[in-house]
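Participant: Here's a structure for you.
The values are calculated or read from the model by the stated rules, or taken from the named source; none is laboratory data. For clarity, every value in this text was computed on a predicted model and none was experimentally measured. Cβ sites come from the backbone with ideal geometry, for glycine too, and all protein chains shown count toward neighbours.
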Amino acid sequence: MKRTIATGLSIWKRRGFLWPFRLLKRAAVCRLRGIPRGLIAEPSQACHGCCAGCPTAVNPAMLEPGLLHRWLSASPAEPVTIHFNGKHSDPLASPLLKDLALAARKHSSMLSISTIGLGLAPGQESLPFDRWIFSLPASNEASWNEVRGNSRFGEALANIETVRQTGAAMVEVVLTLWRPSWRDGDEFRRLAAHRGWAHIHTAFGRYDPSGQHVGRVENLALEAPDCPYFLDAGGSVRLKRQSGGCPLAGCLFLDAKGILRPCPFTGDESPHIGEPSVDSWRTARKWTEQKNGRGYPACEWCP
Ligand code: SF4
Ligand code: SF4
C-alpha cells in the first residue's frame, strides 16, 4: 500500500492537477464493465541480459505499436495502468519501445516498466514512463556474477543512474533474492542509501519450471528461512504456503506476439486469445474467477 501511495503522489506531481480525476474515471469504467484495470504488455521476446545458460531467442517477436493500439482501442474500458514487462525477455530489447510507450500512455493513466537494466539505448531513459522498476539479482559484483554468469553489475548501476538523472519518473530498485544473493539484503539497503535510491523493495525470485532461465531450481534461495519454496522428498519444487487468490487478479497480459493471456506465467495450455475485439476482452474478463481459484497449471508455483 505504501508503494502504491508513493507512486500515486509521484505521478500526480508530474501529470498535473486533473490526473487523479481521470484515473478515477477510468477505474470506475473498468469496474462497471468488469474489465481488469491493469494490462501487462511484453514489448519484446528478446533480452540483453546474456545470462549463462539462458538460450538466446531465435527471431524474437516484437510487439507492434499498431497491434497494441488495436487491442487498447477494442477494449470496452481502457486500463488504468499499463506495465511493460518481460517473460524470459526484457522490454529494453525492443527497438519499438518509444512508439509502444506513446501508444500505451495515450490509453492509460499510469505507465510503468520493469527491466533488468542492461542494454539501455541512448534516449530510452527519457521515454514517457511514470515509473521505472529496476530488478537487480544481487547487491554486489560477486553474487551478481554467480547468478547471471557475467560481470555487468556496474552497467546496471550506471543505467539506473542515467534514468534517475532525468528526474522525469519515479525510480524503484528491487533486489530479487536468489541462492547466491539471499544474504544481500543489508548490503542492498546500504547501497541504496549510498546511491540515494528512495524507493526499494526485496522479493524472492520466482521458480521457472522451464529450467532454462535464472529461475531454474539450482538458483532458488532455498536456504533462506523465508523463501516461499522447498524441495519435496522427490526433489520437486513446492510452495511452502498456497497464498489466497491470484496476485495479478486485476491484470491481463499481452505478449510480444499480441496474444492476450491471463498473466505472464501461463502458457498455451491455459486460455489465450489472438484477435483484438470487444468480444475478446469480454471473454478475458471471465478468466478472473479461474485465476483467483488458482486453476491454471502455472499457479502451482505462484507465491
Ligand atoms: S535469464 Fe532472464 S535476464 Fe538473463 S538473459 Fe535470460 S531472460 Fe534475460
Ligand atoms: S500463475 Fe496463477 S496465481 Fe499466479 S499470477 Fe498467474 S493466474 Fe495468478
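Participant: How many of the residues in region 249-258 are of a type in the set (A, V, I, L, M, F, W, C) and surrounded by fewer than 18 Cβ atoms within 10 Å (Cβ to Cβ)?
Facilitator: So the count comes out to 1.
Participant: Go through (1) touching a His at 6+ places or on another chain (Cβ under 9 Å); (2) in contact (Cβ under 8 Å) with a residue 60 or more places away in the chain; (3) surrounded by fewer than 18 Cβ atoms within 10 Å (Cβ to Cβ) for residue 76 and report which single condition fails.
Facilitator: Going through (1) touching a His at 6+ places or on another chain (Cβ under 9 Å); (2) in contact (Cβ under 8 Å) with a residue 60 or more places away in the chain; (3) surrounded by fewer than 18 Cβ atoms within 10 Å (Cβ to Cβ) one by one, residue 76 breaks only (1).
Participant: Could you tell me whether any residue of region 203-216 is loosely packed, with under 14 Cβ neighbours inside 10 Å, in contact with a strand residue (DSSP E or B) (Cβ under 8 Å, 6 or more places away or on another chain) and either among the small types (Gly, Ala, Ser) or not in a loop (DSSP other than H, G, I, E, B) (or both)?
Facilitator: Residues of region 203-216 that are loosely packed, with under 14 Cβ neighbours inside 10 Å, as a first pass: 203, 210-212.
Still in the running and in contact with a strand residue (DSSP E or B) (Cβ under 8 Å, 6 or more places away or on another chain): 203.
Checking which are either among the small types (Gly, Ala, Ser) or not in a loop (DSSP other than H, G, I, E, B) (or both) leaves us with 203.
Yes, some residue in region 203-216 is loosely packed, with under 14 Cβ neighbours inside 10 Å, in contact with a strand residue (DSSP E or B) (Cβ under 8 Å, 6 or more places away or on another chain) and either among the small types (Gly, Ala, Ser) or not in a loop (DSSP other than H, G, I, E, B) (or both).
Participant: Tally time: how many residues in region 1-56 are under 22 Å from the mean Cα position of the chain (by Cα) and at pLDDT below 85?
Facilitator: 12
Participant: Quick one: which of 182, 178 is in contact with a Gly (Cβ under 6 Å, 6 or more places away or on another chain) and either aliphatic (A, V, I, L, M) or more than 22 Å from residue 120 (Cα to Cα) (or both)?
Facilitator: Exactly one residue qualifies, and that residue is 178.
Participant: Output the residue which, of all residues in region 30-45 that are of a type outside the set (Gly, Ala, Ser) and outside any helix (DSSP H, G or I), is nearest to residue 65 (Cα to Cα).
Facilitator: Once the filter is applied, the top-ranked residue is 43.
Yes or no, residue by residue, for (1) closer than 23 Å to residue 48 by Cα; (2) modelled with pLDDT under 95; (3) within 16 Å of ligand 2 (Cβ to nearest atom):
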site	(1), (2), (3)
214	yes, yes, no
226	no, no, no
230	no, no, no
245	no, yes, yes
257	yes, no, no
263	yes, no, yes
269	no, no, yes
280	no, no, no
286	no, no, yes
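Participant: In region 46-62, which residue that is surrounded by fewer than 15 Cβ atoms within 10 Å (Cβ to Cβ) and of a type in the set (Gly, Ala, Ser) is farthest from ligand 2 (Cβ to nearest atom)?
Facilitator: Across region 46-62, the extreme among qualifying residues is 52.
Participant: Follow-up question, since we're still on this one. Return the only residue of 267, 274 being surrounded by fewer than 17 Cβ atoms within 10 Å (Cβ to Cβ), touching a residue at least 12 places away in the same chain (Cβ under 8 Å) and within 16 Å of ligand 1 (Cβ to nearest atom). Break it down stepwise before answering.
Facilitator: Numbers: 274 fails: within 16 Å of ligand 1 (Cβ to nearest atom).
Just a single option satisfies the conditions, and that option is 267.
Participant: Given the structure, is residue 89 hydroxyl-bearing (Ser, Thr, Tyr), within 13 Å of residue 43 (Cβ to Cβ) and in contact with a Cys (Cβ under 7 Å, 6 or more places away or on another chain)?
Facilitator: It is true that residue 89 is hydroxyl-bearing (Ser, Thr, Tyr), within 13 Å of residue 43 (Cβ to Cβ) and in contact with a Cys (Cβ under 7 Å, 6 or more places away or on another chain).
Participant: Can I ask one more? For region 257-284, give me each residue that is within 30 Å of residue 204 (Cβ to Cβ) and among the charged types (D, E, K, R). Can you show your working first?
Facilitator: Quick first cut of region 257-284, residues within 30 Å of residue 204 (Cβ to Cβ) only: 257, 259-272, 284.
Of everything in region 257-284, those that are within 30 Å of residue 204 (Cβ to Cβ) and among the charged types (D, E, K, R) turn out to be 257, 261, 268, 269.
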